[in-house]
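Nothing in this text is a laboratory measurement; each read-out follows from the coordinates by a stated rule. Computed from a predicted structure; not experimentally measured. We place every Cβ from the backbone using ideal geometry, glycine too, and count neighbours over all the protein chains shown.
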Amino acid sequence: MGWTTHEVTNQVPELVDYNLYAADTVLQEAVAREGADAATQALSDFGCELGQAHIIALAQQVDRHPPEARPFDRQGRRIDSVEFHPGWHEFLRMGVRQGLHQPAAVARAAAFMLHGQIEAGSLCPLTMTSASIPILAREAWFTDMAQSLGSLEYDPRDIPVAAKQGMLIGMGLTEKQGGSDLRRNTTLAAPVEGGEGWCRLVGHKWFFSVPTADAHLVLALLDGMPTCFYVPRRLPDGSRNAIRLMQLKDKLGNRSNASAEVEFEDSLGRVVGEPGRGIATLVEMAGYTRLDCVLGSTALMRAALVQAMHHAQHRVAFGRPLLQLPLMRTVLMDLALEVEAAVALSMRLARAVSAGPEGSALERALARIVTPAAKFWVCKRAIPVVAEALEVLGGNGYVETHVLSRLYRETPVNSLWEGSGNIMCLDVLRATQRHPEWMQALLDWLPQALSGDAALLRRVDALKAQLVRPAPELEAVARHVTGTLTLLVQAALLRAHAPQVVADAFMATRFTDDSQAVPGMSVSPTALDSVLQRAWRAAF
């Protein structure tokens, strides 16, 4: 005789088989505004593909089955390889087909943001490859790999690049004794006689991103000077380079992606850029990867918001769907405002970064000064945003069978990688000092964009006053300066492009002198409706 215990009721259906792009009004507006309207159909197709039930399930599987190190084959030969779940390769195949490994562009940024809502770990090799192309393209020998890097076919085979249909590039900077202080690196490079720029590298890397990539950009000391090197996995003769896989990092999140500790045992690498300017070269590369951190954090916030809205639409409490409860609506509105501001900012930065050195002074300011500021602010804000979204679901969001627990574990990574919060804030100060004409263009634009709002104009004046403080004092308040700058740029963008009710709600909740203020509490019911409907029309 079977046991009848209870009937399952009031449980929320899985959010599957939906189009991520079609459901995102704010992103659609940003794509059109920033000049990528021609990509609308491709983005809609990609959003539909990502939203399919089997793709969403695959993302959960690659998180639950992280990569495993395979230093040796079963006969004992050294292979220094990593074994991935098949889903990892499927997500990379999707990303490469969409061009996420190509240099910065607005359409790419939108697709990157869609991909990151479903599976974030596979974005790492795509980001590194994208950022490396502008650096490598200056080298005469770049033609040897240009076709593979430009290919839209993903090729996971461990064979020489010349025989592959596509390739990916990783990065190796961090060492155990230095972390973000790259000048403490100890990996040494010695020229190979008659090697035409080739050197032998000896040392270690504490975090080696994507160890199975076809090549890595690595920092090492050449004649005592930090220099960037292109270090291939396979040498021109087809043999495997002497890069020894020591272990994979057991990370809090980003579990589908392999991060390794490796040692170089006379590994061969080729000089990239000018000897001695390796840090400058890699800082330039970081300008691209930091933008992707902003995009990735925005994607995680958007994914969490959608899950919270979907849950609130279907879950009943106290006789009504959660979405109808005034206090819950306030919480959701606050999350939606954070996401809309992040989307507007990240997509505007994508256009500025893609403009490159030919961009105007304002474009250069956005790319070089606001990008690290946004990396600090948006990536850090993503952590409490995802936590708040998880709280909407209560215990149902805290279990590993729900996507929100994975999103929560994933969120801190973008604050840490490519420079932690303090590094970003110091970089913002450094950029303002080195490029005062760009900063002036930004400070000229902000009052124009915020004209008519006396309170915000006073905040712009206060920011200007902070920037001329003595260096030690300015460094001490660098986080405040960076956060204020980011919020002002977000406010300016929303004022220019969002419905007035949305812009007003953002300003009312993000700029307050009341230390006891709770975001969202001072916003009218009309604003609540407008913000929530823009965030998730499926609920209305």
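Odds and ends about this structure:
- Segment 281-539, dipole about Cα centre (Lys/Arg Cβ +1, Asp/Glu Cβ -1), debye to the nearest 20: 260 debye
- For peptides 126-132, 295-301, sequence by mean Cβ density within 10 Å, most packed first: 295-301, 126-132
- Ellipsoid semi-axes in whole angstrom, largest first, where each is sqrt(5λ) of the Cα gyration tensor of segment 80-196: 26, 19, 16
- Degrees separating the helix 123-136 axis from the principal Cα axis of the chain, which is the longest one: 60 degrees
- Dipole size of segment 25-150 about its Cα centre, with +1 on Lys/Arg Cβ and -1 on Asp/Glu Cβ: approximately 300 debye, rounded to the nearest 20.
- When the pairs Lys164/Lys251; Lys251/Lys375; Lys205/Lys251; Lys176/Lys249; Lys176/Lys251 are compared against a 23 Å limit on Cα-Cα distance, Lys164/Lys251 fall above it.
- Label point distance in nm, Ala355-Glu391, each placed 7 Å from Cα along Cα→Cβ: 3.9 nm
- Given charges at beta-carbon only (K, R positive; D, E negative), |dipole| of the chain in Debye: 460 debye
- Full-stretch length increase - Ala496, Glu153 - with 0.36 nm per residue and alpha-carbon distance subtracted: 119.6 nm
- Think of the chain as a dipole: +1 on every Lys or Arg Cβ, -1 on every Asp or Glu Cβ, centred on the Cα centre; then among Val106, Ser451, Ala36, Ser451 lies furthest on the positive end.
- For the chain, calculated [θ]222 nm from helices alone, where every DSSP H run of n ≥ 4 adds -39500 (n - 2.57): -16500 deg cm²/dmol
- Across the chain, the longest run free of exposed loop sites, meaning trypsin sites (Lys or Arg not before Pro) lying outside DSSP classes H, G, I, E and B with no more than 12 other Cβ atoms within 10 Å, spans 177-540.
- Cα gyration tensor category, rounded, prolate or oblate, for the chain with a/c compared to 1.5: oblate
- Scattering profile of segment 281-539 at q = 0.08, 0.10, 0.15 Å⁻¹ [log10 I(q)/I(0), Debye over alpha-carbon scatterers]: -0.32, -0.50, -1.08
- Modelled FRET efficiency - R0 45 Å, Ala476 with Lys251, Cβ distances, 0.05 increments: 0.90
- Full extension of the chain between Thr401 and Asp45 yields a length gain of 125.4 nm, computed as 0.36 nm times the residue separation minus the alpha carbon distance.
- Degrees between helix 86-97 axis and first principal axis of the chain (Cα, 0 to 90, nearest 10): 90 degrees
- Computed from Cα positions, the angle between helix 525-535 and the longest principal axis of the chain comes to roughly 30 degrees.
- Computed extension length for Arg537-Leu463: 22.9 nm, one decimal, from 0.36 nm per residue of separation with the Cα-Cα distance subtracted.
- Extreme residue, positive dipole direction of segment 25-150, given options Ser148, Leu126, Ala53 (C-beta unit charges): Ser148
- Cα-derived Rg to Rh of segment 161-276, Kirkwood definition: 0.96
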